[in-house]
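The values are calculated or read from the model by the stated rules, or taken from the named source; none is laboratory data. Everything numeric in this text was worked out from a predicted model, so none of it was measured. Cβ atoms come from the backbone with ideal geometry, glycine included; neighbour counts cover every protein chain shown. Ligands, DNA and RNA are stripped out before the accessible areas are found, and what is left, the full protein with its side chains, is counted by its heavy atoms. Shrake-Rupley method; radii C 1.70, N 1.55, O 1.52, S 1.80 Å.
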Amino acid sequence: DGSTPTLLYGYGGFEVSLGPKYIATSGIAWLEKGGVYVEANIRGGGEFGPQWHQAALKENRQKSYDDFIAVAEDLIANKICSPATLAARGGSNGGLLMGNMFVQRPDLFGAIHCAVPLLDMKRYHTLLAGHSWVAEYGDPDTDDWNFLKQYSPYHNIDSNVERYPPMLVTTSTRDDRVHPGHARKMVKKLWDMGEGKDWPIFYFENIEGGHGGAADSKQQAFMTALAYDFMFDRCSK
């Protein structure tokens with residue numbers, strides 16, 4: 001009937017494949033509570049070989065986001081969930097995916113967890129390991145910016161939107177791959193632009209840990225519980 005809390009996870013980049021596997025945390029924190037867990041095999045990943053990855057490089061990156069949106073819409077059409085009970089989660093390149101879900105389809109999700117994300121595609125290549133990803137995304141110092149700006153979440157926040165979905169942004173001070181500045185500036189801009197509006201944005205920065213966001217098992221458990229509790233609480237009301 002569309003009332004089931006549903007978590008949609010995606011990555012869609014660097015030929016990384018998402019496949020069937022056992023995830024204890026998802027089982028305990030989501031499935032045992034009666035939720036549905038879904039992984040989206042979107043273009044940009046490697047699930048169907050190199051061509052699946054190459055189909056969403058650079059100027060074709062929007063195909064990855066369109067695929068994720070299509071999966072979300074199908075879940076809703078089949079009454080597995082509704083926009084109010086659908087959460088989305090992704091980290092790193094998947095955090096860029098989440099940023100684009102937030103700005104492109106705020107109507108589609110009841111909660112979003114955006115972890116260690118890329119969000120400013122104008123400067124990403126100047127920060128930490130960013131320059132090594134130019135082959136994936138493009139070079140914003142060239143004409144590539146014409147398409148990069150279309151999927152740079154930081155540059156596509158719309159002040160005319162009255163409601164954005166609740167979003168938890170998490171990062172690590174010591175992330176040596178994706179600079180925490182992406183998350184910091186996105187959240188600050190949303191807080192500033194969203195004053196007086198229904199833009200519930202939450203932020204947590206762990207001062208330890210690297211790109212994984214936690215330095216040890218205790219911190220990892222905390223970060224996982226924080227994210228799952230945030231999403232389930234908002235999608236089960």
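Okay, here's what the table says:
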{"read-out": "Max mean-square fluctuation residue, GNM over the chain, Cα-Cα springs under 10 Å, options L119, L97, L57", "value": "L57"}
{"read-out": "Of T173, T224, T142, the one that fluctuates the most in a GNM where the chain has Cα springs shorter than 10 Å", "value": "T142"}
{"read-out": "Enclosed volume per residue, in Å³, of the convex hull spanned by Cα atoms of the chain", "value": "120 Å³"}
{"read-out": "DSSP loop chymotrypsin sites (Phe, Trp or Tyr not before Pro) with at most 16 other Cβ within 10 Å excluded, longest remaining stretch of the chain", "value": "49-237"}
{"read-out": "For the range 17-31, 3J(HN,Hα) per residue [Karplus equation, 6.51 cos²θ - 1.76 cosθ + 1.60, θ = phi - 60°, Hz, x = Gly/Pro]", "value": "9, 9, x, x, 6, 8, 10, 4, 5, 5, x, 6, 8, 10, 5"}
{"read-out": "Carbon plus sulfur fraction of accessible area for the chain, probe 1.4 Å, in percent", "value": "52 percent"}
{"read-out": "Karplus-derived 3J(HN,Hα), 6.51/-1.76/1.60, for each residue of the range 57-69, Hz, glycine and proline x", "value": "7, 6, 5, 9, 4, 4, 4, 4, 6, 4, 4, 5, 4"}
{"read-out": "In sequence order, calculated HN-Hα J values of the range 98-106 (Karplus, 6.51, -1.76, 1.60; Hz; x Gly/Pro)", "value": "5, x, 6, 5, 5, 7, 8, 9, x"}
{"read-out": "Centre separation in Å (Cα based) which lies between the range 115-144 and the range 217-236", "value": "29 Å"}
{"read-out": "Overall form of the range 109-237 per C-alpha gyration tensor (a/c, 1.5; a/b vs b/c)", "value": "oblate"}
{"read-out": "Cα centroid separation - the range 16-40 against the range 52-72, whole Å", "value": "22 Å"}
{"read-out": "Surface accessible to a 1.4 Å probe, per residue, for the residues of the chain, Å²", "value": "45 Å²"}
